[in-house]
1. Any idea which of (1) more than 23 Å from L55 (Cβ to Cβ); (2) surrounded by fewer than 17 Cβ atoms within 10 Å (Cβ to Cβ) is the one K210 doesn't satisfy?
2. Report, ordered by the first and then the second residue, all pairs with beta carbons closer than 9 Å, sequence separation of six or more or different chains, a first member in the stretch 219-234 that is modelled with pLDDT of 95 or more and among the aromatic types (F, W, Y), and a second member that is part of a helix (DSSP H, G or I) and surrounded by fewer than 20 Cβ atoms within 10 Å (Cβ to Cβ).
3. Being buried (at least 19 other Cβ atoms within 10 Å of the Cβ) and either closer than 21 Å to N141 by Cβ or of a type in the set (K, R) (or both) is true for just one of I194, I184, I226. Which residue is that?
4. For the stretch 149-189, which residues satisfy the criterion of being over 17 Å from K218 (Cβ atoms) and hydrophobic (A, V, I, L, M, F, W, C)?
5. Select from the stretch 179-226 the residues that are of a type in the set (V, I, T) and under 19 Å from Y41 (Cα atoms) and write down the one among them that is farthest from the chain's Cα centre (by Cα).
6. Which pairs have Cβ atoms under 6 Å, sit 6 or more apart or on different chains, and link a residue in the stretch 34-58 that is free of Cβ contacts under 8 Å to residues at least 60 places away in the same chain to one that is among the hydrophobic types (A, V, I, L, M, F, W, C) and not in a strand (DSSP E or B)?
Amino acid sequence: MRFATGTVGRAANTQNVSEKKMKLQYFGDSQDSFKWDYHDYLTDILGFETLNILLMLTPDDGTSAGSTKPTLFPARSEIIEFCNKIKEIQDVNLLEDLPLFLDSNYKVHLHEKNNSFLNREKYFSGIKNIENQVIFVDPDNGFEPSKKYSSKHIRYKELSMILHQITENSVISVFQHFRRISFIEDFNKIQNQILDYIPSAKIAAIYWHKLMFVLITKSEETYNKIVQANIEYARRCPVKNINFR
């Protein structure tokens, strides 16, 4: 499905100068193809009304990173079309049109889309909480490392802040880039850190190439649905799953 009438023009007109300088170089690449294919699938199969996206944009780094074609990941044709469009236009507001491409029933909410996340305490508070939702947190690199964090990471205490603001059945998904150890080993480290902050958390993950999504919920029922959804997703896409231990 195409963009809703007038959306492209509206989005382009609302893009401000500071936003253009932020890291949009990865928009529409192969990792985006996996990212949006999976999160559309997950939100839809859980029957939630909202995909709430927390972008953590940092300045473009001046490299050629982000140049991989979306077809490198075998997403649905509608997702490939979507990625090509956002790569061309490079405006975060276009993410709100994701469900239009799949005729999906949920809506995309861009959290604090007009404000910088660099005021971290403010950014990670005030989370939209009116229904069950998938909350996708999208830092450059993923979770804070053991020694020092930067604007490219989400901190575990910030994850805890989000989890305490949302419904029992909601899901948080966090982008995690490959860190030169196996994803299974990294998942175990991440899981232990999360449990230190939220002992009741249920945690799973799905990964492909150099990208993993770590999924956290407080609900045993929702966790079981995530595990089954990931099994089904892996039957049509070259991904691997890790479950709570």
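The values are calculated or read from the model by the stated rules, or taken from the named source; none is laboratory data. Quantities reported herein were computed from a predicted structural model and do not represent experimental measurements. Glycine also receives a Cβ, built like all others from the backbone with ideal geometry; neighbour counts cover every protein chain displayed.
1. The failed condition is (1).
2. Going by the 9 Å Cβ cut-off, the qualifying pairs are Y233/I45.
3. Result of the check over I194, I184, I226: I194.
4. Keep residues of the stretch 149-189 that are over 17 Å from K218 (Cβ atoms), which gives 149-155, 175-189.
Of everything in the stretch 149-189, those that are over 17 Å from K218 (Cβ atoms) and hydrophobic (A, V, I, L, M, F, W, C) turn out to be I154, F175, F178, I181, F183, I184, F187.
5. So the residue we want is T222.
6. none
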